[in-house]
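Accompanying notes for the structure given below.
What follows is calculated from the coordinates using simple rules that are stated; it is not laboratory data. Since this is a predicted model, take the numbers as computed values, not measurements. Neighbour counts are summed over all protein chains in view; Cβ atoms, including those assigned to glycine, are modelled from backbone coordinates with ideal geometry.
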Amino acid sequence: MTKTTTPESPASLLRAAVQALDEELERFEHLAHAAHKTPLTSERNLEKAATAINQAAESQQRVHGHIQALIDAISAARVKHDQTAEELVKTRDLVQARGERFQTQLGRFAALGKEAADISSFVRQLGELKGKPNGEVVAQLGEVQERMTKVVEGATALGKEAESETMEDLARQCDSLKQQVQSALNKVTLLREKLSQQMS
């Protein structure tokens, strides 16, 4: 079974190029220093100095190769950096747009919640209508029905938008609000029907 090799990242190549150049420079300096310090007092030492010079020259060629490899690695790292920076800008714009969209949708939900609270307060005030003609109470309940229906429809629509836009928390909140108001609407509808029957 053949193993697949993962390509090295530009950062890894850059580190390797720097290390290789550093090691070769140290080797070149050592060889050059050895050639310089060898006393030229015998044929053997002359051979040692010549060998060191030749090895230093070969090392110098490798240094040039490592320098070119480093330049290539720097170029690759710069390209990768530019690509990453471009992706970061796109991500920043996406986060900003997403945040603005969230604020807009949360504002709509807050308005629905306020309307539901206002309706609840209005319904409590209807208790003061006890003893008054059923016609007046029925009319007031009709207004409550209309307002509740709009809240249910608004929460349903907003919930669908939130779900399609993967705003999961907001979608759950909309569903909860819809169920609460729908439950209250059902009770108001039954009460209104009962009062209307008593009037007929």
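Is there a residue in segment 48-64 that is farther than 30 Å from D175 by Cβ, outside any helix (DSSP H, G or I) and acidic (D, E)? Don't jump to the end; show me each part of the working.
Step one: filter segment 48-64 for residues farther than 30 Å from D175 by Cβ, giving 48-64.
Next, only the ones that are outside any helix (DSSP H, G or I) stay: none.
There is no residue in segment 48-64 that is farther than 30 Å from D175 by Cβ, outside any helix (DSSP H, G or I) and acidic (D, E).
Against the definition (closer than 29 Å to S12 by Cβ, in contact (Cβ under 8 Å) with a residue 40 or more places away in the chain and loosely packed, with under 15 Cβ neighbours inside 10 Å), how does V79 come out, yes or no?
Details: closer than 29 Å to S12 by Cβ: yes; in contact (Cβ under 8 Å) with a residue 40 or more places away in the chain: yes; loosely packed, with under 15 Cβ neighbours inside 10 Å: yes.
The answer is yes for V79.
Name every residue in segment 40-79 that is farther than 19 Å from Q19 by Cα and charged (D, E, K, R), in order of residue number. Spell out how you get there, then give the answer.
Pass one, segment 40-79, residues farther than 19 Å from Q19 by Cα: 40-55, 57, 79.
Passing the criteria: E43, R44, E47, K48.
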